[in-house]
Amino acid sequence: MKRLQRYSLPYIAWMTVFALIPSLFLILLAFSDLSLFDLGSFSLTLQNFSIIGLDTTLKAMQNSLEFALITAVICFLIGYPVALYLTTLKEKTRKILIALLIVPLWSNMLLRINAWEKIFTPSSIFTDIFGISFNLLGEDIAIIIAMVAMYLPFMIFPIFSVLEKLDIKLIEAAKDLGANDIQTFFRVIFPLSAGGIVSGTIMTFLPAMTAFALPQRISLGKTTFIGNIIESKFRTEVMDFNGVSINQGSMISLFLMLFSVTAFILIVRFDKEGETLI
Amino acid sequence: MKKLFSFIAIILISILSISCSTKPKLYIVNWGDYMDPALISAFEAEYGVDVEEEPVDSNEAMATRIQTGSYDIAVFSEYMVDKLIDQNLLQPINFALLTNNSELTVIPKLSSLYSSSSIVPYVIPYAWGTIGIMYDNDKPELKALIETEGWAALFEHTDEYNVGMYDSSRDAVAAALLYKGYNVNSDNLGELAEAEAALIAADFSWGTDELRGWVIEETLDMALVYSGDYFSEYYLADEDSITFDFYVPTTTNVWLDSMVIPQNAQNVVLAHQFIDFFLREDIAIANSDYIGYAPCYEEIYNALVIDYGYDMVNFDPYPDDTIRQMYVYGTDERSQRLTAILLAAKNND
């Protein structure tokens, strides 16, 4: 075991340079007046915290949470039956269906966002072929449809991997003891798949909450997510605020990181072996 | 901490320098597709150098680049030049190193908009244009509406039409100020409040580069766009099937993009040679023809209109009997007010 340890050194170095140090730097920027472009003396301050309380930040945060929650719930409602269905299939059919779910994930997310944008335009390819015009750009429902399409596989896979490993003997035992299908499902299968559900929910909720390209394109810029606020803090407001917007943006990012860390703790508690994390 | 940073910096720099050749290198940060690559190659061949061009999509992104890296040439809009001079990030142009500059005359109307400004010693004008309304001309009534109402068409019809507004505090507030009949640089709190109310009252879609695409695919009926955005679509489009048009209201803002030399440029002399190369009349004409935006010099402008047959009406950013204004950076406080106005306008639904 010891011998293998040194093979992890590149990984540790990589994570230190590109994850640990930037994170520490983010924390420093959030709680100080350090200027990113002029590294020098600085003093610690809680001033950047005020950005969290602004109406515009809160509204964006609320949008992010609401849309992410709705997305996660819909993904669960669609994803659970799909995962369950996958377990009932023959190996070969199942492999094909899983491939169909995975392959789209290999294409760049911006391309898929762009595709949804084209589908929702008043005169899309569907208008040309079928005479249907969705004309949904700018509507909340369009954001939700696109997000569900984007993140659904991340709900299906963790649930599927739990269900697949479920001990068939437990189900047989339930039936022997007189439980019907519905009782078996709600009292045996569902509770035993809780780990997958938690992972799936977090893996759809978090990326949906931190999305910024998708709401910008699909809502035609009408719905602001917290990611859009962070983007403008780091990209467009820097000169106007003499760099302070970067410290404010760091504070908001840090706030979002709290969600991620909490989510991670939740996953670890529900899924000690990490079997649902793929 | 500092040691750690310099350690990382040394590693990164050494990785970067391994791939370098021995030729001198000129680093340019520029808007995407905003300089004829064939002419850049011609410069490389003539001077035996390599030119490295990095594309960015906004003045703000470009400002970040010159703060974090070292570039020899950048192409900024006027208000950002103003701010960068303030921040000590640019160096004055050494006009003694330029031989072709004296052969060219900046178009007097354009010159009148900035000749008294502090940016003059720092800039070599590159291209100019306006902001205006790009619209879907499949709807015949829209053309009439926009041409009679001007800026009001953008602000007063968001219930009947899908209207796009530029997602940039400076441009959105400028459009609202123009609509209310005020100067784009107004820092009068009352006037800004009116502009804010106008932006909040209207139900806009917000975007930057996306807006022109949304008008073309008819997701939007009209949008505030830069003349440059319109032109690049106009030149790309198939002439028979153009479904969009551009209208510039009588009073509007003029943008001026200029070549500048950042304070920390490594190849200052070469940078001047590069600028001088692009001021050579034949090169400047070819470059303007490539990028398709109005050139800033009379000689080049006339050559394009007379010899190349460019459409006078569309091409002139400052025709007779119109009023033109130009952004100044103003104070940080004003810029922050503009940011707050944009956020409030976008937040409202």
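The values are calculated or read from the model by the stated rules, or taken from the named source; none is laboratory data. What you are looking at is a predicted structure, and each value in this text was computed from that prediction instead of being measured. No Cβ is skipped: glycine too gets one built from the backbone with ideal geometry, and neighbour counts run over all protein chains shown. These area figures cover heavy atoms from the full protein model, side chains too; ligands, DNA and RNA do not enter into them. Shrake-Rupley method; radii C 1.70, N 1.55, O 1.52, S 1.80 Å.
Here is how the numbers come out for the structure above:
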{"read-out": "Accessible-area composition of region A:145-241, carbon plus sulfur, in percent [1.4 Å probe]", "value": "66 percent"}
{"read-out": "Listed residue (A:150, A:126, A:80) projecting farthest to the positive dipole end of chain A, Cβ model", "value": "A:80"}
{"read-out": "Charge dipole magnitude, Cβ of K and R +1, D and E -1 - chain B, Cα centre, debye nearest 20", "value": "1920 debye"}
{"read-out": "Degrees, to the nearest 10: B:59-68 long Cα axis against longest axis of chain B", "value": "30 degrees"}
{"read-out": "Of all accessible heavy-atom area on chain B, the percent that carbon and sulfur account for (1.4 Å)", "value": "52 percent"}
{"read-out": "Cα-Cα over 22 Å, subset of A:59/B:83; A:92/A:175; A:95/A:165; B:83/B:346; A:95/A:118; B:109/B:180", "value": "A:59/B:83; A:92/A:175; B:83/B:346; A:95/A:118; B:109/B:180"}
{"read-out": "Solvent exposure ordering (accessible area, 1.4 Å, most first) of A:139, B:217", "value": "A:139, B:217"}
{"read-out": "For region A:20-60, residues shielded by at least 20 square angstrom of accessible area compared with the chain on its own, probe 1.4 Å", "value": "A:21, A:25, A:37, A:39, A:56, A:59"}
{"read-out": "Test item: A:240-253 mean partner chain Cβ contacts at 10 Å", "value": "2"}
{"read-out": "Dipole in debye (nearest 20) - the protein assembly as shown, about Cα centre, beta carbon charges: Lys, Arg +1; Asp, Glu -1", "value": "4200 debye"}
{"read-out": "Positive-end residue, the protein assembly as shown charge dipole about Cα centroid, Cβ charges, pick of A:213, B:162, A:180", "value": "A:180"}
{"read-out": "Of the DSSP H helices in chain A, those whose Cα atoms cover at least 30 Å axially and whose Kyte score averages -0.5 or more", "value": "A:55-88, A:140-165, A:244-270"}
{"read-out": "Buried solvent-accessible surface, both chains (B, A), 1.4 Å probe, Å² to nearest 100", "value": "3000 Å²"}
{"read-out": "Accessible area of chain B divided out per residue, in Å², using a probe of 1.4 angstrom", "value": "42 Å²"}
{"read-out": "Most positive-pole-ward Cα, B:153, A:160, A:31, against dipole of the protein assembly as shown from beta carbon charges", "value": "A:160"}
{"read-out": "Exercise: per-residue mean of other protein chain Cβ atoms within 10 Å, B:339-348", "value": "5"}
{"read-out": "For A:229-239, mean number of other protein chain Cβ atoms within 10 Å", "value": "5"}
{"read-out": "Chain A, dipole about Cα centre (Lys/Arg Cβ +1, Asp/Glu Cβ -1), debye to the nearest 20", "value": "860 debye"}
{"read-out": "Relative contact order (percent, whole number), region B:132-237, Cα cutoff 8 Å, 6+ residue spacing", "value": "40 percent"}
{"read-out": "Computed lengthening from residue B:189 to residue B:53, 0.36 nm per intervening residue step minus Cα-Cα distance", "value": "44.8 nm"}
{"read-out": "Length-normalised contact order for chain B - Cα pairs under 8 Å, 6+ apart - percent", "value": "27 percent"}
{"read-out": "Accessible surface, region A:53-270, averaged per residue in Å² (probe 1.4 Å)", "value": "49 Å²"}
{"read-out": "Angle in degrees between helix B:281-291 and the longest Cα principal axis of chain B, rounded to the nearest 10", "value": "50 degrees"}
{"read-out": "Helical contribution to [θ] at 222 nm, DSSP H n ≥ 4, -39,500 (n - 2.57), averaged over chain B, rounded to 500", "value": "-13500 deg cm²/dmol"}
{"read-out": "Relative contact order (%) - chain A, alpha-carbon pairs under 8 angstrom, separation at least six", "value": "28 percent"}
